[in-house]
There are 2 protein chains.
Amino acid sequence: MTVTAPAGFIAAGGFGQVKKEGLDLSLVIAEDGPVAAAGIFTRNTAAAAPVLLSRRRLRGGRAQAVVINSGCANAGTGESGIEDAERITNRLAALLTVDPEMVLMCSTGPIGSRLPVDSMLSALPGLVADATPGGGERAAAAILTTDTRPKTVVVSGDGFLVGGMAKGAAMIRPDLATMLCFLTTDAQADPAALHEALAAATPTTFNSLNVDGCESTNDSVILLASGRGPRVSQAGLTEAVEEACGRLAQQMAADAEGASRVVTLLISGANDDDGARRLGRSIADSSLVRSSFYGGDPNWGRILAVLGSNRVDPGGVRISYAGVLVADRGVGRPFDDQELDKRLTGDFMVEVEVGSGPGRARIITTDLTPEYVRFNGERS
Amino acid sequence: MTVTAPAGFIAAGGFGQVKKEGLDLSLVIAEDGPVAAAGIFTRNTAAAAPVLLSRRRLRGGRAQAVVINSGCANAGTGESGIEDAERITNRLAALLTVDPEMVLMCSTGPIGSRLPVDSMLSALPGLVADATPGGGERAAAAILTTDTRPKTVVVSGDGFLVGGMAKGAAMIRPDLATMLCFLTTDAQADPAALHEALAAATPTTFNSLNVDGCESTNDSVILLASGRGPRVSQAGLTEAVEEACGRLAQQMAADAEGASRVVTLLISGANDDDGARRLGRSIADSSLVRSSFYGGDPNWGRILAVLGSNRVDPGGVRISYAGVLVADRGVGRPFDDQELDKRLTGDFMVEVEVGSGPGRARIITTDLTPEYVRFNGERS
């Protein structure tokens, strides 16, 4: 179970002819009517129509339903795109007999084409009828694009649950592919508390994925609280939300388009955590570094070069691959090549010490593979 | 002819066992003794030993010779690396009976290993003996690493010549591979004039290659003036140097590692030229955009998304591929798919208007190919 694990939510997945086949429409509904809600959205100025609509509607801190389509981003579509999103959410509101302001929408897929509104409208009544407490898995499947498998999570807090589903595949910054995440909880919490939990959870989870989470045209993280469970502390809520986001982020990395392995970068010794995160992202942005991850090559020189281009003093740099120290004070050290070869099969960890400051960060990235390029070079 | 085209220079290429085979040592000598010289070097704080040495020695504005090795960057080598570079340049100075301060050194290749100093020292006397006015081509061949062909140029100014040779292959920012360029002229010019010409030429040439020229550990551009020709105006000198750098940059792009085509981005409408250059680089940094270039896919949505993540108002964005307008005011426009397909074979141009400001830039980049990743994933 995913978003339907916490009490008070039903969900469904269906087909609205946005894609050629398969599931492309997903629905999450709070059974008791409008509930407390919060969202974090992309800061991209070319934000998609559904982002503009949902961000505006969430200002009131309440929502009853979210409809999500995969197969079309509804971005780069101007005023017409907004009208399309309004037509769909208005129809859903009528079916639920609720104010349209209580209905949110998210979209993911290629940028630049219009939604097939008529076929989507035709599919809505069936989708609403299908929504049940058992519909979470189908809802999680319907939001996927190039993902190879659904990403779902359930976290138990102190007397409450947080459930979630997410999608995100070609997601290595600055690649700007869409990351969507929908979370539900049965906890009692007001919109401000929900927002605080999301704001605390994203930097260390989705934004540490080297996704720079909120930068594609469509990135959205939405959290609804049914309030059927107990009133919870902010700390307890934040911890559960962060745990849920962290597990979803890990699933996204493992399923990144064309990636053959997940590499975790542990940066330490920066002036502060933000500085550490910036350096980690800069390393993970280098095509040369990520190509060397693909080959399982402990090419610390490429990491040193990235650090140097960020004005780091090489004299304070230590680099270890899979626990084996390969460079100290910016200079290479002898290491057991065969032993390291063995450790660099599959996923691995690279520790990068950049000085003696207290700043630390953990960045999850993947290798860059020939498959990635082939895949993203295809005409959409 | 290349660096030996202008009167007063001799050159040679040889083998010092830095690589396993082929040419790996290159030498350029001013025949009349120390001459006016200037250089522009990487700002990388992990700059290679030869960069530290040459930058320091060029403070006096004079030099007689440059020795270049390929096959080893002599970066990430600490104090020992500096000593290695000093031993080599000191021996060359002794062979030329000149102050060691007049001898410069550049290196290119993998980061982290020491130079094979003894074999290089043994090769130096032969290299000096081989240096002739006809040695320019061999010198240009000896500086190459993964380049598939030498890059050379000769530009005629008003009564003077500028000759040059360069290397640079895996060079798409932020990939941080090394770009080396050596220029000679027979013009009479003082070191300050030479420096001004280089400083004016690099932003519009090498730094528009999406190399961010001076950011690898080893990037170096060096210009020597023999003074055998006429005294020249600053404008005339700058123009000839810029023309030479521009032609070398174009050759580098065409020979970029694993690239199948060169794509020229013309950015206009930014607040200023710097802003336009930043946006152009940001587009050329996106693996998703460059993968779409590989497929000849006019995927303007990915470009729009990059612009939006740089806070550009999509309402002012127009994008054309090969002269065909595909998006206007941030919204897609219908276009003749078959006609555009025909135009997107081979190299092409993408015009991106980002607003109504006067800022313009021209960025030369390449597509991202499966071959690139395969190549850079190999253990070095």
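Tabulated data
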item: Which listed residue, of A:LEU368, A:LEU304, is within 13 Å of another protein chain (Cβ to nearest Cβ), in contact (Cβ under 8 Å) with a residue 60 or more places away in the chain, out of contact with any Leu (no Cβ under 7 Å at 6 or more places or on another chain) and open to solvent by less than 20 Å² (accessible area, probe 1.4 Å); result: A:LEU368
item: Single condition A:ASP285 does not satisfy, out of (1) farther than 20 Å from A:ARG329 by Cβ; (2) within 12 Å of another protein chain (Cβ to nearest Cβ); (3) touching a helix residue (DSSP H, G or I) at 6+ places or on another chain (Cβ under 7 Å); result: (3)
item: Qualifying position, being of a type in the set (Val, Ile, Thr), within 14 Å of chain B (Cβ to nearest Cβ) and open to solvent by less than 40 Å² (accessible area, probe 1.4 Å), among A:VAL324, A:VAL331, A:VAL262, A:VAL317; result: A:VAL317
item: Qualifying residues in segment B:265-294 (those that are of a type in the set (Lys, Arg) and over 10 Å from B:LEU368 (Cα atoms)) - the one most open to solvent (accessible area, probe 1.4 Å); result: B:ARG278
item: Residue satisfying condition, being within 7 Å of another protein chain (Cβ to nearest Cβ) and free of Cβ contacts under 8 Å to residues at least 24 places away in the same chain, within set B:ARG374, B:ARG311; result: B:ARG311
item: Check on B:THR185, touching a Gly at 6+ places or on another chain (Cβ under 8 Å), modelled with pLDDT under 95 and either crowded, with 24+ Cβ neighbours inside 10 Å or under 30 Å from A:TRP300 (Cβ atoms) (or both); result: no
item: Residue identified as more than 14 Å from chain A (Cβ to nearest Cβ) and in contact with a strand residue (DSSP E or B) (Cβ under 6 Å, 6 or more places away or on another chain) among B:LEU115, B:LEU27; result: B:LEU27
item: Residues of segment B:104-122 satisfying the condition of being under 30 Å from A:TRP300 (Cα atoms) and either surrounded by 21 or more Cβ atoms within 10 Å (Cβ to Cβ) or of a type in the set (Gly, Ala, Ser) (or both); result: B:LEU104, B:MET105, B:CYS106, B:SER107, B:THR108, B:GLY109, B:ILE111, B:GLY112, B:SER113, B:LEU115, B:SER119, B:MET120
item: Of residues in segment A:1-34 being among the hydrophobic types (A, V, I, L, M, F, W, C) and open to solvent by 10 Å² or more (accessible area, probe 1.4 Å), the one nearest to A:GLU83 (Cα to Cα); result: A:VAL18
item: Qualifying residue in segment A:338-345 (condition: under 27 Å from the mean Cα position of the chain (by Cα) and either more than 28 Å from A:ALA254 (Cβ to Cβ) or touching a residue at least 40 places away in the same chain (Cβ under 8 Å) (or both)); result: yes
item: Hits in segment A:43-52 (condition: more than 13 Å from A:ASN69 (Cβ to Cβ) and either surrounded by fewer than 22 Cβ atoms within 10 Å (Cβ to Cβ) or touching a helix residue (DSSP H, G or I) at 6+ places or on another chain (Cβ under 6 Å) (or both)); result: A:ARG43, A:ASN44, A:THR45, A:ALA46, A:LEU52
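The values are calculated or read from the model by the stated rules, or taken from the named source; none is laboratory data. What you are looking at is a predicted structure, and each value in this text was computed from that prediction instead of being measured. Note that we place each Cβ from the backbone using ideal geometry, even for glycine, and neighbour counts take in every protein chain shown. Note: areas computed on protein heavy atoms with side chains; ligands, DNA, RNA excluded. Shrake-Rupley method; radii C 1.70, N 1.55, O 1.52, S 1.80 Å.
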